[in-house]
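The values are calculated or read from the model by the stated rules, or taken from the named source; none is laboratory data. Every value quoted in this text rests on a predicted model; they were computed, and no experiment measured them. Don't worry about glycine lacking a Cβ; one is built from the backbone with ideal geometry, like all the others, and counts go over all protein chains shown. Accessible surface is based on the protein model in full, side chains and every heavy atom, while ligands, DNA and RNA are left aside. Shrake-Rupley method; radii C 1.70, N 1.55, O 1.52, S 1.80 Å.
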Amino acid sequence: MINKLKFWKTSKENDALEERINALKELPMPKHVAIIMDGNGRWAKKRALPRVAGHHEGMKRVRRITRLASKLGIEVLTLYAFSTENWKRPKSEVDYLMKLPGEFLGTFLPELKEENVRVQMMGYKDKLPKHTLGAVGKAITETEHNNGLILNFALNYGSRDEIVRAVKNIVHDVKKGKLTEKDITEANFSNYLMSHSLRDPDLLIRTSGEIRLSNFMLWQLAYTEFFFSDVLWPDFNEENLVEAIEVYQQRSRRYGGLKSEGVEE
Ligand code: FPP
């Protein structure tokens, strides 16, 4: 009986979530959602578990959030999986984090393919172990013809470094005569960033109550709406993503102008 009640409650909750999801579809959806997945360590600490257990649980959330993003028709989901600063962590933790793309894709690549998801990566390949690059490279190749959600992993990514490298490449192209000073526009500068093929994020979510950007997509987030959640990433669920999008849809995006009604397309 208790089990039955539990089931009834769960299915009722599911219906309520479905309703909220359907309501979201009536309004402009953020086309590019970027997430700083934070709080794995604290999630583990609260349970007296090693930090890596939090990362493992966090990896499982990637699957759930990707599925919902795909269902909602979001075009790009960028996930900050490893920053250029994360190398400062203990070697054992770094090694573990480097194994997660392999484990994740080893298990879920068939499902991603079935859901028409296209895997991409944004970050520096140097320093990444062969096995990490191999797993991500395989997923990129095997999903390159998919045209559904782009699942973009920011892996060994750092925004300041990305900007400095862009400036260096522009100087190089100017020297080579491929570019003149007047060609250096905002749009052209964006082409030199690792995100050049993607639109800028419409919505940035950071979990775990931290209110900072941590060197993430500093150029690209210029007009992005921010949503900070106190929920630790391994607990971040479908309802939390729905809530973030509901809040986004109530915002008025003016891009420095004066329009005041609702989210712009
Ligand atoms: C920050 O939490 C999180 C990370 C540095 C790693 C994020 C990685 C995942 C969620 C898994 C990625 C999965 C795939 C498939 C690549 P933290 O460790 O800084 O947490 P804390 O602030 O509570 O210590």
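Structure values in brief
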quantity: Any hit, the stretch 168-187, residues being of a type in the set (A, V, I, L, M) and in contact (Cβ under 8 Å) with a residue 40 or more places away in the chain; calculated: no
quantity: Some residue of the stretch 39-57 being within 15 Å of the ligand (Cβ to nearest atom), open to solvent by less than 60 Å² (accessible area, probe 1.4 Å) and outside any helix (DSSP H, G or I); calculated: yes
quantity: The one condition in (1) under 18 Å from residue 34 (Cα atoms); (2) more than 10 Å from the ligand (Cβ to nearest atom); (3) surrounded by fewer than 18 Cβ atoms within 10 Å (Cβ to Cβ); (4) not aliphatic (A, V, I, L, M) that residue 78 fails to fulfil; calculated: (3)
quantity: Positions within the stretch 83-114 being within 8 Å of the ligand (Cβ to nearest atom), touching a residue at least 40 places away in the same chain (Cβ under 8 Å) and not in a helix (DSSP H, G or I), in sequence order; calculated: 83
quantity: Residue under evaluation residue 69, criteria (1) buried (at least 22 other Cβ atoms within 10 Å of the Cβ); (2) within 12 Å of the ligand (Cβ to nearest atom); (3) in a helix (DSSP H, G or I), criterion not met; calculated: (2)
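Table: residues versus (1) in contact with a Leu (Cβ under 7 Å, 6 or more places away or on another chain); (2) within 25 Å of residue 218 (Cβ to Cβ).
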position: 116; (1), (2): no, no
position: 123; (1), (2): yes, yes
position: 146; (1), (2): no, no
position: 164; (1), (2): no, yes
position: 176; (1), (2): no, no
